[in-house]
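Below is one structure, written out as structure tokens; the observations come after it.
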Amino acid sequence: MTPSQTLLRGRTLTFSAEPSGPEDVEAYHYCEDGAVLIEDGIILATGPYGRVAAQGVNAREIDHRPHLLMAGFIDTHIHFPQVQVIASWGAQLMDWLNTYTFPEETRFASPAHSAAMAAKFYDLLIGHGTTSAVAYCSVHKTSVEAYFTEAERRNMRMIGGKVMMDRNAPEALMDTPQSSYEDTMALIRDWHGKGRAAYAITPRFAITSTPQQMEMAQALVRAHPDCYVQTHLSENHDEIAFTRALYPQARDYLDVYQSYGLLGPKSLLGHAIHLTPREVDALADTGSHPVFCPTSNLFLGSGLFDDAGLRARGIGNAVATDIGAGTSYSMLQTLNEGYKVLQLQGQSLHPLRAFHWITRGNAVTLGLDDKIGTLAVGSEADIVVLDARATPAMELRMERAETLSDELFILQILGDDRAVAEVYIAGQAHKHAANAPAANLRAS
Ligand SMILES: [Zn+2]
């Protein structure tokens with residue numbers, strides 16, 4: 001008889017709040033010999049091995065010692081059709097879109113291409129320890145169908161939407177206000193709330209939407225206030241100047257979105273680098289979430305995200321890769337570059353806060369911290385197994401690591417997909433599912 005429960009043994013780390021530092025022991029829970037008990041994709045128990053094992057006496061046990069178990073990573077801003085755009089040379093935002101990104105996105109009109117890329121996309125996410133993401137698909141419904149179909153096949157909690165764009169793009173990438181409305185409504189009906197899927201209403205950014213399309217986005221948000229909204233904000237000075245010229249009546253860039261009712265706690269605004277004081281006030285007042293994309297901001301030379309300044313106003317920042325302007329699928333490498341971006345501004349990113357950010361922190365910005373982002377009882381069992389000795393350089397450095405914070409910082413700075421030993425999605429092992437067993441199996 002196959003046991004219905006799975007017991008993962010290893011060192012466990014989970015967060016219940018954002019830690020201010022290692023002394024903030026109320027915010028995180030670390031178990032040197034810990035375990036997670038899973039049934040039907042849900043976490044039944046987390047804590048010391050002895051206690052949790054006693055709860056799951058018939059469970060199939062998988063021993064991941066000495067590795068570290070924590071909630072799977074969450075990427076809050078990524079472009080699914082840009083898997084073949086990553087690492088395209090030498091441009092800032094507007095040329096980069098026109099030269100590389102838009103031509104590539106036209107290929108997602110093809111269902112076969114979309115499906116093939118979706119399989120690769122999820123392989124990459126899982127390989128890097130990312131178990132949930134919020135993605136921009138292309139303008140084509142086909143790309144969204146492929147995105148959610150593949151996520152459903154892998155039982156992943158994914159958020160995404162079709163970009164709405166009706167100007168300043170190649171003909172093959174443009175919809176109309178009416179078709180963007182109808183396609184989005186149909187996709188919401190087909191996918192939003194189906195299994196683990198949720199929909200994000202996605203006007204790409206102000207430059208590629210006419211005022212008539214913004215009105216349609218507003219109508220969609222009114223009709224579906226439970227959907228997310230995602231767009232881009234103030235990434236680059238030329239982008240801001242173009243936006244101001246296209247929307248001369250707006251008080252500033254953010255006011256374009258604000259005046260069409262697109263802001264709120266379910267709204268994610270990629271980049272949000274060059275902000276006026278009024279825009280910061282509006283972000284705070286509406287509870288909207290800026291999304292910090294450090295590898296992308298450095299790659300396109302866009303600027304430095306003011307994490308501390310926004311946080312001081314009570315604004316909840318998310319963090320993300322922004323593939324394909326971002327340069328790594330790894331949320332660990334995203335933290336590495338994020339650390340440096342903050343260093344350049346005299347700000348700090350303690351590793352405990354960093355790991356909270358890519359797990360529970362991002363889940364909080366999505367309003368999903370009761371489902372993902374922690375190892376709490378009742379959460380969905382999306383779990384990453386991390387090996388801080390995955391490379392020779394890491395192994396050597398680990399010889400001098402004395403604390404959990406030391407280990408986390410080594411993972412944050414030196415870690416990438418090689419440090420991801422295994423990934424569980426809703427309790428199912430994925431990364432090595434097709435290969436040899438990643439850990440010692442002991443069916444009890
Ligand atoms: Zn983006």
Quiz item: Can you name the number of the only condition in (1) within 15 Å of the ligand (Cβ to nearest atom); (2) buried (at least 22 other Cβ atoms within 10 Å of the Cβ) that H356 fails?
Solution: (1)
Quiz item: Which of the residues that make up the stretch 18-44 are loosely packed, with under 14 Cβ neighbours inside 10 Å and in a loop (DSSP other than H, G, I, E, B)?
Solution: S20, G21, E23, V25, E26, D40
Quiz prompt | the stretch 112-167, residues that are open to solvent by less than 10 Å² (accessible area, probe 1.4 Å), within 16 Å of D190 (Cβ to Cβ), β-branched (V, I, T) and more than 14 Å from the chain's Cα centre (by Cα) | solution = V144
Quiz item: All but one of (1) open to solvent by less than 30 Å² (accessible area, probe 1.4 Å); (2) more than 13 Å from the ligand (Cβ to nearest atom); (3) aromatic (F, W, Y); (4) over 30 Å from A186 (Cβ atoms) hold for Y247; which doesn't?
Solution: (4)
Self-check item: Answer residue from the stretch 353-409, given it is among the aliphatic types (A, V, I, L, M) and more than 23 Å from the chain's Cα centre (by Cα) and is nearest to K266 (Cα to Cα) among those
Solution: L404
Self-check item: Candidates T327, T374, filtered to the one that is open to solvent by 20 Å² or more (accessible area, probe 1.4 Å) and either among the hydroxyl-bearing types (S, T, Y) or in a helix (DSSP H, G or I) (or both)
Solution: T327
Exercise. Determine if the stretch 235-249 includes at least one residue that is within 22 Å of the chain's Cα centre (by Cα) and in a loop (DSSP other than H, G, I, E, B).
Key: yes
Practice problem: Pick out, from the stretch 45-156, the strands (runs of 3 or more DSSP E) lying fully within it that include 3 or more residues that are in contact with a Leu (Cβ under 9 Å, 6 or more places away or on another chain) and either within 16 Å of the ligand (Cβ to nearest atom) or among the small types (G, A, S) (or both). | Solution: 73-79, 130-136
Quiz item: So, in the stretch 47-78, of the ones that are open to solvent by 10 Å² or more (accessible area, probe 1.4 Å) and among the polar types (S, T, N, Q), which residue ends up modelled with the highest pLDDT?
Solution: Q55
Quiz prompt | Which listed residue, of P211, P177, P203, is open to solvent by 20 Å² or more (accessible area, probe 1.4 Å) and either of a type in the set (S, T, N, Q) or in contact with a Ser or Thr (Cβ under 9 Å, 6 or more places away or on another chain) (or both) | solution = P177
Practice problem: Quick one: count up the residues across the stretch 252-295 that are in contact (Cβ under 8 Å) with a residue 40 or more places away in the chain, in a loop (DSSP other than H, G, I, E, B) and either within 14 Å of the ligand (Cβ to nearest atom) or among the hydrophobic types (A, V, I, L, M, F, W, C) (or both). | Solution: 3
Exercise. Looking only at the stretch 173-186, decide whether some residue is outside any helix (DSSP H, G or I) and within 30 Å of I372 (Cβ to Cβ).
Key: no
Quiz item: Residues L298, L275: which one is open to solvent by 10 Å² or more (accessible area, probe 1.4 Å), closer than 15 Å to L335 by Cα and not polar (S, T, N, Q)?
Solution: L298
Practice problem: Give me a count of the residues in the stretch 218-237 that are within 16 Å of the ligand (Cβ to nearest atom) and either surrounded by fewer than 14 Cβ atoms within 10 Å (Cβ to Cβ) or of a type in the set (S, T, N, Q) (or both). | Solution: 4
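The values are calculated or read from the model by the stated rules, or taken from the named source; none is laboratory data. Since the model is a prediction, treat every value here as computed from it, not as a measurement. A quick note on method: Cβ atoms are made from the backbone with ideal geometry, for glycine too, and the neighbour counts reach across all protein chains shown. Ligands, DNA and RNA are excluded from the accessible area calculation, which covers all protein heavy atoms including side chains. Shrake-Rupley method; radii C 1.70, N 1.55, O 1.52, S 1.80 Å.
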